[in-house]
Amino acid sequence: MPKDHGIGAAPKRREDVRFLTGTGQYTDDINVYGQTYCHFLRSDVAHGKITSIDTSEAEKMPGVVRIFTGKDFEGLGGLPCGWQVTDKHGAPMKEPGHPVLAQGKVRHVGDPIAAVVADSLEEARDAAEAIMVEIEDLPAVVDMKAALESGAAKVHDDLDDNLCYDWQFGSEQEAVDKAFAEAAHVSTLELVNNRLVANPMEPRVAVGEYNRANDESTLYTTSQNPHVIRLLMGAFVLNIPEHKLRVVAPDVGGGFGTKIFHYAEEAFVTWASRQINRPVKWTSTRSEAFMSDAHGRDHVTKIELALDKDNNFTGLRTDTYANMGAYLSTFSSSVPTWLHGTLMAGNYKTPAVQVNVKAVFTNTVPVDAYRGAGRPEATFQLERVVDKAARELGVDPIALRRQNFITEFPYATPVAVEYDTGDYVATMDKLEEMIDRAGFEARRKESESRGKLRGLGINCYIEACGIAPSNLVGQLGARAGLYDAATVRVNATGSISVMVGAHSHGQGHETAFPQVVAEMLGIDESMIDIVHGDSSKIPFGMGTYGSRSLAVCGSAMVRATEKIINKAKKIAAHLLEASEGDIELKDGQFTVAGTDKSVAWGDVTLAAYVPHNYPLEEIEPGLEETAFYDPANFTYPAGAYACEVEVDPETGKVTIERFAAADDFGNVVNPMIVEGQVHGGLAQGIGQAMLENCVYDESGQLLTASYMDYAMPRADDVPFYAVDHSCATPCTHNPLGVKGCGEAGAIGSPPSVVNAVIDALHSGGHKVEHIDMPVSPHRVWQAMQG
Amino acid sequence: MYSFDFERPTTLDDAVKALGQDEAQALGGGQTLIPSLKQRLAMPSKLVSLAAIEELKGVTAEGGVLTVGGGTTHGTVAAEASAYPALAALASNIGDPAVRNRGTVGGSLANNDPAACYPAAALASGATIVTNTREIAADDYFQGMFTTALDEGEIITAVKFPIPEKAAYIKFEQPASRFALVGVFVAKYSDGVKVAVTGASEEGVFRWTEAEEKLSADFSAGAVEGLSLPAEGMMSDLHGSGAYRAHLIGVLTKRAVAAAG
Amino acid sequence: MTKVTMTVNGKTVAKEVRGNMLMTEFLRDELHLTGTHVGCDTSQCGACVIHVNGQDVKACTMFAGEAEGAEVATIEGMANADGSLNTIQQAFQDYHGLQCGFCTPGMVMTAAALLRDNPKPSETEIRDYLEGNICRCTGYHNIVKAIMAASGQDVSAIAAE
């Protein structure tokens, strides 16, 4: 029987009412008295030397308040990278400067050259057209392998070449070499993990406001982590101390990773508002977003899988080129390394695993984390090569996976992580039950009767979420701790505000987090509100990404609530004239164990704030507690996914007929929200597999600069999904036993789509080994032509 | 957008007068023009909306000809062109519902986007484009992508589509824009078959005369089996090479014939 | 400047506006009705869908001047008279048909237009009608389900519940 409240229940989302009535408050809905509007003049060439900028005519244009260029930022810092990766020779990664406005050179189409601040947006745009910029074109570096050839143009003149780092990780060389030397079979695959644009439906917006009276700056911004922005922007870019800087991320219309990072526009409006003493607002257009939001993925990989004569996986080796774009975005360097290499063992007990990654600068928009971040890239290559091995060996792809599953936990992989729990057999069993594999042949025949090819693709995945133990990531190069924080503020009459460092931009924290506190206290959820997204209201927080909100910030909230309970029990003991050790809290009542003596939650909270009868000599009045929680390990959600497709052999068009996902997220607080997260992730993974592709031409021009060419998944591209999360092995090291569910769908779904298409083509006699994503009609048709 | 004046006349005469002004531009449904204005790709001094001119609206069928007012929206054509079902079906699949409620047949034909649907219908139907000054045969009207026989300030007041015995339009959508990657309109008249192709050629919409000859002799999918067009001259982009587009034309033509029955 | 007069959510409004003012700007900046969102500049995402004279249109691809004399309805006017959610809005909440909420106003307005013309749409008809509304959060599953439920159809057999 499903619960109707607390952990495991699915109450309707309280945030929905404002969104459904048009009364949400997104950043672009904020207008500050006296505000100006900012328009960025952006580079239309990929690579060039700025020889002159003449703003004199533009400055005379109507409505212009001030025009800024890179010169104005010379004394200030650049946008920092938050993760120092060390290369295989022990040297630090190359870390070129990332100016707020271009200085001397432009390095990608969209690189901001100047910013016009005017009384209206149209006036700012008019004036931007009157700025005379002379740029001497330089050869653009677009292809990663070409970028590393000697003689290639350099994206950054102060570096020796375009290599950011050459990283190696995993088993000893000898062990890997031995596995391949002794292999009975080696499957090899070269593939591309296509470049994507996150495309949250709300474009980025930033509003900077300066209060001269107290020397305080406020930034309203579309961020997943306002405290991180405050830290990075205040400390590294603008030199504003944190107590003079407030960052607010109000309702945010989706993030998917691309709103984690600190962007030039945020720093610009904050700084410019101080210079002109008026608020400055910038609202991105979608076209601007395509050339200024950090992109995702963009790996080129060769993967080799060694198997012994019994089809046991014995070795895995990968060589990846990872595109960094023109500058290092906030967490860019960690994505192809610690968020990718550490997952290369997958769900399998392969004893020797080696990962090689070359990170490359190119004249393209910076590339950083996008939903899954590194883990989709790992999953895709691994699950594609396993499928290829099964086909080459003529064995069942599910049986081959089952044979190699890790079955005992905890399990230390050859790539440094320790999986605490999991049951990959259970999720695969569940998946097989969900997809009616027995009925597949009949469905295939039915498709064939209509001239179509049908294919079934499956894959497993594992991810590392709940990012992350601070001492570990510190050793790996992170320049921040990755704990989170929560304050539980109990008011006199018993209602509660919980200030959390996580940020909700679709995840439903305002509904799910109170379920946890309500369960712990035995009070009604309606008495509890979540406060998030404002650095002036919350103790601290690292924000929401890496499927971490509940596992990390939720754990902090649990710890703070435990402190509340401890203190409340002391007060209750006093009121009940009993020993603190005898007090039990159940259903909002404090009871002396074994008696009918009790006092209600509200009486205790009132006593805390009206301490007339109160143990003042032992404890302070008031009832408010803060906890910081630093996770002991990552969490490891895992599962098995299946996709069934139909291919039109005449046109190459692929349609998804069925999709099933069996996930292990550990414990689940709100199954409705969890399922919704999986649905959304699946659509993004299916989008990557079938539709989405960010493409630059050889000269560095962005060919997919709008929804006219960048194919977003729409309602008729996807089916109803079958999802299940009943195979739960709770996380062993956080108080809720939760693992995180936000990224699984995007991580787990692409390989099964491609595996299914390959399966369909083989059924039609087309011996196609691989098609790079997206498996567009054109590409499928081309593959069929041989 | 650059700044411009906005006028919304209620009669054709007033619209023609307004468009006489230097750099004035007509605004149909705006579904293509407004996005390009946002990109600052056009700088009109004045936009003259044709949406309030009742005489430009409506669908009538008479004497084997379906006449659609130039200001008629795709949505209205979809709902009211039952005398020419293939045309109604085509209209019902342009863009999305909100776009169909604004976009007009006149606007589409005046723009002549190489991936638009209506040009294929007009060409395959041997339609007549009626303007405020003259009548233009479809074969003379389309003059390459985004280029038509219209003069400056000339307004499409109606399009006359002779109603065929059988017809069908099959569109293979570009995955992002949902415009036609290739669209083929096949229309069978008593005096022969016309086949018009959109989305494919660098020259814009065109008639596939070889297919027309075969189908005029034998209106069956088998009649065009094996018939193909060269890849040269076909558009080639991210979403499809010239060879792929040429291939699709063959596939879609067969499917259109089959759908026409 | 052009003078425009129209009815928005039942109230008559008259304003002097720039010739190039879009309906999105008119609603958001002039009337402070910020529920109508702008998610793209190529008329594709549908976050700005409103009703003009009963028809669903994209407010980002229409000038304020084109709505002269029109009856305009926006998301702010969709709730019941007592402020409670209407049937479609309620179904979106009941079936978790929204996450970040940014595309939601357009989705609700589009769904309302669909159900008026087609009171019991099939799954395929719903997906087809949503062609011009992009959602990045929900994977559409629960949006389609919510619209089916709002039309009185039994959705209990749909996968994953």
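The values are calculated or read from the model by the stated rules, or taken from the named source; none is laboratory data. In this text, all values refer to a predicted model and were calculated from it rather than measured experimentally. Cβ placement follows ideal geometry from the backbone for every residue including glycine, while neighbour counts extend to all protein chains displayed. The accessibility values were calculated without ligands, DNA or RNA, using every heavy atom of the protein model including side chains. Shrake-Rupley method; radii C 1.70, N 1.55, O 1.52, S 1.80 Å.
From the list A:Ile538, A:Ile462, which one is outside the structural domain of A:Val252 (by TED's automatic domain parsing) and more than 22 Å from A:Val668 (Cα to Cα)?
Values: A:Ile462 fails: more than 22 Å from A:Val668 (Cα to Cα).
One residue alone meets the criteria, A:Ile538.
Can you name the residue in segment A:653-699 that is over 14 Å from A:Ala746 (Cα atoms) and polar (S, T, N, Q) and is also nearest to the other protein chains (Cβ to nearest Cβ) among such residues?
Going through segment A:653-699, the residues over 14 Å from A:Ala746 (Cα atoms) turn out to be A:653-658, A:664-673, A:693-699.
Still in the list and also polar (S, T, N, Q): A:655, A:667, A:670, A:693, A:699.
Working: A:Thr655: 12, A:Asn667: 19, A:Asn670: 10, A:Asn693: 7, A:Ser699: 15 Å.
It comes out as A:Asn693.
Of all residues in segment A:545-585, which are open to solvent by less than 10 Å² (accessible area, probe 1.4 Å) and of a type in the set (S, T, N, Q)?
A:Ser555, A:Thr561
How many residues does segment A:181-230 contain that are within 30 Å of A:Gly394 (Cβ to Cβ) and either of a type in the set (D, E, K, R) or open to solvent by 30 Å² or more (accessible area, probe 1.4 Å) (or both)?
Here the count works out to 8.
Taking the conditions exactly as written (assigned by TED's automatic domain parsing to the domain that holds B:Glu173, over 24 Å from B:Thr148 (Cβ atoms), assigned to a helix (DSSP H, G or I) and in contact with a helix residue (DSSP H, G or I) (Cβ under 6 Å, 6 or more places away or on another chain)), does B:Leu248 satisfy them or not? Spell out the reasoning first.
Values: assigned by TED's automatic domain parsing to the domain that holds B:Glu173: yes; over 24 Å from B:Thr148 (Cβ atoms): yes; assigned to a helix (DSSP H, G or I): yes; in contact with a helix residue (DSSP H, G or I) (Cβ under 6 Å, 6 or more places away or on another chain): no.
Here the answer is no, as B:Leu248 does not meet what is asked.
Pairs, please: C-beta under 8 Å, at least 6 apart or cross-chain, first residue within 9 Å of A:Thr362 (Cα to Cα) and in segment A:136-163, second assigned to a strand (DSSP E or B) and not hydrophobic (A, V, I, L, M, F, W, C)?
Listed by first residue and then by second, the contacts come to A:Val142/A:Tyr696; A:Met144/A:Tyr321; A:Met144/A:Asn323; A:Met144/A:Lys358.
Looking at C:Tyr129, C:Tyr95, which is the one that is surrounded by 22 or more Cβ atoms within 10 Å (Cβ to Cβ), within 12 Å of chain B (Cβ to nearest Cβ) and closer than 26 Å to A:Ala722 by Cβ?
Working: C:Tyr95 fails: within 12 Å of chain B (Cβ to nearest Cβ).
Every option except C:Tyr129 fails the conditions.
If C:Met107 satisfies every condition in (1) under 17 Å from A:Pro713 (Cα atoms); (2) within 14 Å of chain B (Cβ to nearest Cβ); (3) free of Cβ contacts under 8 Å to residues at least 60 places away in the same chain; (4) hydrophobic (A, V, I, L, M, F, W, C) but one, which is the exception?
If we test C:Met107 against (1) under 17 Å from A:Pro713 (Cα atoms); (2) within 14 Å of chain B (Cβ to nearest Cβ); (3) free of Cβ contacts under 8 Å to residues at least 60 places away in the same chain; (4) hydrophobic (A, V, I, L, M, F, W, C), just (3) comes out false.
Got at least one residue in segment C:3-24 being touching a residue at least 24 places away in the same chain (Cβ under 8 Å), away from chain A (no Cβ under 12 Å), crowded, with 24+ Cβ neighbours inside 10 Å and out of contact with any Asp or Glu (no Cβ under 6 Å at 6 or more places or on another chain)?
Yes, segment C:3-24 has at least one match.
Within segment B:38-75, which residues are open to solvent by less than 20 Å² (accessible area, probe 1.4 Å) and more than 10 Å from every other protein chain (Cβ to nearest Cβ)? Reasoning before the result, please.
As a first pass, look at segment B:38-75 and keep what is open to solvent by less than 20 Å² (accessible area, probe 1.4 Å): B:44, B:47-49, B:52-53, B:56, B:66, B:68-72, B:74.
Passing the criteria: B:Val48, B:Ile53, B:Leu56, B:Leu66, B:Val68, B:Gly69, B:Gly70, B:Gly71, B:Thr72, B:His74.
Give just the number: which of (1) under 30 Å from A:Ser555 (Cβ atoms); (2) within 14 Å of another protein chain (Cβ to nearest Cβ); (3) surrounded by fewer than 18 Cβ atoms within 10 Å (Cβ to Cβ) does A:Pro11 not satisfy?
Looking at each condition in turn, A:Pro11 falls short on (3).
Which one is nearest to the other protein chains (Cβ to nearest Cβ), of the residues in segment A:234-278 that are over 23 Å from the mean Cα position of the chain (by Cα) and assigned to a loop (DSSP other than H, G, I, E, B)?
Here the answer is A:Arg278.
What residue, among those in segment A:748-786 that are within 14 Å of chain B (Cβ to nearest Cβ), of a type in the set (S, T, N, Q) and more than 17 Å from A:Asp717 (Cα to Cα), is surrounded by the fewest Cβ atoms within 10 Å (Cβ to Cβ)?
A:Gln785
Which condition number does C:Asp56 fail, the rest of (1) within 11 Å of chain B (Cβ to nearest Cβ); (2) open to solvent by 10 Å² or more (accessible area, probe 1.4 Å); (3) in contact with a strand residue (DSSP E or B) (Cβ under 6 Å, 6 or more places away or on another chain) being met?
(2)
Answer yes or no: is there a residue in segment C:74-86 that is surrounded by fewer than 21 Cβ atoms within 10 Å (Cβ to Cβ), closer than 21 Å to C:Val38 by Cβ and touching a residue at least 60 places away in the same chain (Cβ under 8 Å). Working first, answer last.
Going residue by residue through segment C:74-86, those that are surrounded by fewer than 21 Cβ atoms within 10 Å (Cβ to Cβ) are C:76-77, C:79-86.
Cutting the leftovers down to closer than 21 Å to C:Val38 by Cβ gives us C:76-77.
From what's left, touching a residue at least 60 places away in the same chain (Cβ under 8 Å): C:76-77.
Within segment C:74-86, one or more residues are surrounded by fewer than 21 Cβ atoms within 10 Å (Cβ to Cβ), closer than 21 Å to C:Val38 by Cβ and touching a residue at least 60 places away in the same chain (Cβ under 8 Å).
Going by the structure shown, is C:Arg28 more than 14 Å from the chain's Cα centre (by Cα), crowded, with 21+ Cβ neighbours inside 10 Å and more than 7 Å from chain A (Cβ to nearest Cβ)?
Working: more than 14 Å from the chain's Cα centre (by Cα): yes; crowded, with 21+ Cβ neighbours inside 10 Å: yes; more than 7 Å from chain A (Cβ to nearest Cβ): yes.
It is true that C:Arg28 is more than 14 Å from the chain's Cα centre (by Cα), crowded, with 21+ Cβ neighbours inside 10 Å and more than 7 Å from chain A (Cβ to nearest Cβ).
I'd like to check something: does segment C:34-44 contain any residue that is in a helix (DSSP H, G or I) and facing chain A (nearest Cβ under 7 Å)? Let's see the steps before the verdict.
Let us first name the residues in segment C:34-44 that are in a helix (DSSP H, G or I), namely none.
Checked against the condition, which is being in a helix (DSSP H, G or I) and facing chain A (nearest Cβ under 7 Å), segment C:34-44 yields no hits at all.
Filter segment A:231-255 down to residues that are in contact (Cβ under 8 Å) with a residue 12 or more places away in the chain and either open to solvent by 30 Å² or more (accessible area, probe 1.4 Å) or in the same structural domain as A:Cys553 (by TED's automatic domain parsing) (or both), then give me how many there are.
So in segment A:231-255, the residues in contact (Cβ under 8 Å) with a residue 12 or more places away in the chain come out as A:231-233, A:236-240, A:242, A:244-255.
Narrowing the set further to residues that are either open to solvent by 30 Å² or more (accessible area, probe 1.4 Å) or in the same structural domain as A:Cys553 (by TED's automatic domain parsing) (or both) leaves A:231, A:236, A:239, A:242, A:244, A:246.
Selection size over segment A:231-255: 6.
Out of A:Gly676, A:Gly639, A:Gly652, A:Gly666, which single residue is in the same structural domain as A:Ile771 (by TED's automatic domain parsing), farther than 30 Å from A:Val417 by Cα, in contact (Cβ under 8 Å) with a residue 60 or more places away in the chain and buried (at least 23 other Cβ atoms within 10 Å of the Cβ)?
Working: A:Gly676 fails: farther than 30 Å from A:Val417 by Cα; A:Gly639 fails: farther than 30 Å from A:Val417 by Cα; A:Gly666 fails: farther than 30 Å from A:Val417 by Cα.
Step by step, each of A:Gly676, A:Gly639, A:Gly652, A:Gly666 is checked, and only A:Gly652 is in the same structural domain as A:Ile771 (by TED's automatic domain parsing), farther than 30 Å from A:Val417 by Cα, in contact (Cβ under 8 Å) with a residue 60 or more places away in the chain and buried (at least 23 other Cβ atoms within 10 Å of the Cβ).
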